[in-house]
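This report concerns only the one structure given below.
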Amino acid sequence: MVAAGGPKAKPPRDTFLDLVRRTHPENDPPREVILTDPYIYSDVSEDGHEGGFSNLVAYLEALGISADDTFILRTTPSPKRGTVTAKRNLHRHLKAQFKNIQLKDYAPQLKFHDRFYVVRHRSGKIKGVFGPSINGLTSDAIVLMGDIDELQPLKKLEAWFG
């Protein structure tokens with residue numbers, strides 16, 4: 001687990017991306033990325049810092065996904081601030097960066113309070129991290145984040161996402 005952000009500190013973005021790189025194996029690329037962040041379609045954080053869309057691209061790149069890789073990105077079916085225009089803007093931005101991305105929602109009966117960044121790797125193994133909203137990574141807010149490595153939560157993630 002890692003704490004980051006706060007007054008007179010760098011925004012938590014780099015710490016989050018380092019955590020992602022340490023958690024996911026380079027030799028087992030992502031097949032599916034699942035984000036439970038309800039603010040995924042908002043490019044601006046609560047305190048007015050822009051960068052949510054570029055933070056998402058940086059997260060996908062930290063997973064080792066390149067512009068030509070094929071993968072599925074699953075997001076919440078009931079986002080906050082998720083207008084049709086906001087959704088269209090993010091999808092357009094992602095498709096410009098990753099030409100073989102498939103954009104889907106996860107099952108609508110799943111409701112999450114916390115932000116999980118879950119990856120199903122090509123081997124079928126699930127790994128993930130938890131932390132702040134992706135649009136808040138450029139903020140100076142204090143955040144706590146960590147990898148999901150205990151057996152019980154990993155089994156729950158597998159059950160929820162199949």
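Taking all protein chains as they are arranged and a probe of 1.4 Å, the heavy atoms of residue 140 leave approximately 80 Å² accessible to solvent.
Only one of (i) 21, 19, 16; (ii) 27, 17, 13; (iii) 23, 20, 16 was calculated from the structure for semi-axes √(5λ) of the Cα gyration tensor in Å, and its label is (i).
A Gaussian network model of the chain, with springs between Cα atoms under 10 Å, assigns the largest mean-square fluctuation among 128, 52, 146 to 146. Each DSSP beta bridge with both residues in the chain is either parallel or antiparallel, and the antiparallel ones are about 65%. Solvent-accessible surface of the chain, averaged per residue with a 1.4 angstrom probe and all protein chains in place: 52 square angstrom.
Note on the chain: dipole from Cβ charges, positive end direction compared against 17, 6, 119; the farthest Cα belongs to 119.
Taking 8, 155 and ordering them by how much accessible surface each has at a 1.4 Å probe, largest first, produces 8, 155. Counting only GluC sites (Glu not before Pro) that sit in a DSSP loop (anything but H, G, I, E, B) with at most 15 other Cβ atoms within 10 Å, what is the longest stretch of the chain containing none of them? In short, 47-149. For the chain, modelled as a GNM whose springs connect Cα atoms under 10 angstrom apart, the maximal fluctuation among 31, 92, 21 occurs at 92.
When a 1.4 Å probe is rolled over the protein heavy atoms, the share of accessible surface on the chain that falls to carbon and sulfur comes to 50 percent. Taking the Cα centre of the chain as reference, the dipole from Cβ charges on Lys and Arg (+1) and Asp and Glu (-1) amounts to some 480 debye.
The values are calculated or read from the model by the stated rules, or taken from the named source; none is laboratory data. Nothing here was measured: the structure is a model prediction, and the numbers come from that model. Heads up, the Cβs are rebuilt from the backbone with ideal geometry, glycines too, and the neighbour counts pull from every protein chain shown. Only protein heavy atoms, including side chains, enter the accessible area calculation; ligands, DNA and RNA are left aside. Shrake-Rupley method; radii C 1.70, N 1.55, O 1.52, S 1.80 Å.
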